[in-house]
Amino acid sequence: MNSRVRLFGSLVEIVGKSELNVSGCSDTQEVKEKLASEFPQLRKCEFLISVDRKLVKNNQRLEPGNEIAFLPPFAGG
Amino acid sequence: MKERKPHKVFLTGPITPQFIADSIAKHSIKTTIGAHDIFLGQVRRDVIENKAVHAIEYSAYEEMAEEKFHELREAAFAKFQLTCMHIYHSKGKVKAGEICLFVFVSSKHRSSAFEACRWIVEEIKNNVPIWGKEIFEDETYVWKENS
């Protein structure tokens, strides 16, 4: 299964783009591990994960078409 | 509870004093209102490692942020006795001294307006996916962290 992953804020600079596709992952933990092995600097970063614009508390199983996002600490206002 | 339609929150660039004044003026026809409270966030010229912040460039996960703002509106109307509320947040570049956040709540009496305004600002800071790059005069930058 292909998953679309969007990145924001400082994470865009680490990965080098704001969006990528990840294949072969069935849950958010696997996506996180896969990207962290490709971009080791991600392991040092604090971020939350959302699936379809809802924050994931622990690990979440993925369905086809889910939009995953990696969100660094919010800094609005 | 009545479902309110989502409002547009993001404005490109700074929120101008004229925009704020016009927003206040539009409420003169709503004569059940007895109290307004307004919060304005302004970009600070912080000095970080001997360099002064010249501007903040805001970005957001806009689709999620718009959903969060909508949920926040619904929650605020459920929690406080409000007549109306408006939230505007900048995206893109806002220079030091300019306004980047405008929260405007109106109620019959002052206590609801005071309480709601503070609650909404804290919710925005903690729960809405917005980020800011603090840009220095020499175009280098650091990512803003909320305190």
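The values are calculated or read from the model by the stated rules, or taken from the named source; none is laboratory data. All values derive from a computational prediction rather than experimental measurement. Glycine gets a Cβ as well: all are built from the backbone with ideal geometry, and neighbour counts include every protein chain shown. All accessible areas refer to the heavy atoms of the entire protein, side chains included, with ligands and DNA or RNA removed. Shrake-Rupley method; radii C 1.70, N 1.55, O 1.52, S 1.80 Å.
Tabulated data
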quantity	calculated
Cβ-placed point charges (K, R +1; D, E -1), dipole of the stretch A:2-71 about Cα centre in debye, nearest 20	120 debye
24 Å tail of the calculated P(r), the protein assembly as shown, as % of Cα pairs	50 percent
Distance-filtered residues of the stretch B:30-52 - backbone nitrogen under 13 Å, label point 7 angstrom along B:His7 Cα→Cβ	B:37-39
B:Ser28, B:Ser106, ranked by accessible area, largest first (probe 1.4 Å)	B:Ser28, B:Ser106
The stretch A:2-71: relative contact order as a whole-number percent, Cα under 8 Å and 6+ apart	44 percent
Label point 7 Å beyond Cα of B:Ala52 along Cβ direction - residues of the stretch B:86-130 with amide nitrogen under 11 Å	B:96-97
Paramagnetic label zone (point 7 Å from Cα along Cα-to-C-beta, A:Arg4; backbone N under 17 Å) in the stretch A:36-76	A:50-54, A:62-71
Helical contribution to [θ] at 222 nm, DSSP H n ≥ 4, -39,500 (n - 2.57), averaged over chain B, rounded to 500	-10000 deg cm²/dmol
Chain B, accessible area per residue, ligands and nucleic acids excluded (1.4 Å, Å²)	55 Å²
Sum of -39500 (n - 2.57) over DSSP H runs of 4+, divided by residues of chain A (222 nm, nearest 500)	-6000 deg cm²/dmol
The stretch B:1-136 shape via C-alpha gyration tensor axes, a/c threshold 1.5	prolate
Computed over chain B: relative contact order in percent, which uses C-alpha pairs under 8 Å that are six or more apart	35 percent
D_trans [Stokes-Einstein, Kirkwood Rh over alpha-carbon pairs] for chain A, 25 °C, 0.890 mPa s, µm² s⁻¹	197 µm²/s
Within-13-Å neighbourhood charge of B:Ala96 [Cβ basis; K, R +1; D, E -1]	+1
Accessible-area composition of the stretch A:2-71, carbon plus sulfur, in percent [1.4 Å probe]	43 percent
Test item: Cα-centred dipole of the stretch B:1-106, Lys/Arg +1 and Asp/Glu -1 on Cβ, debye	260 debye
Whole-Å distance, taken between Cα centres, linking the stretch A:1-56 and the stretch B:2-62	31 Å
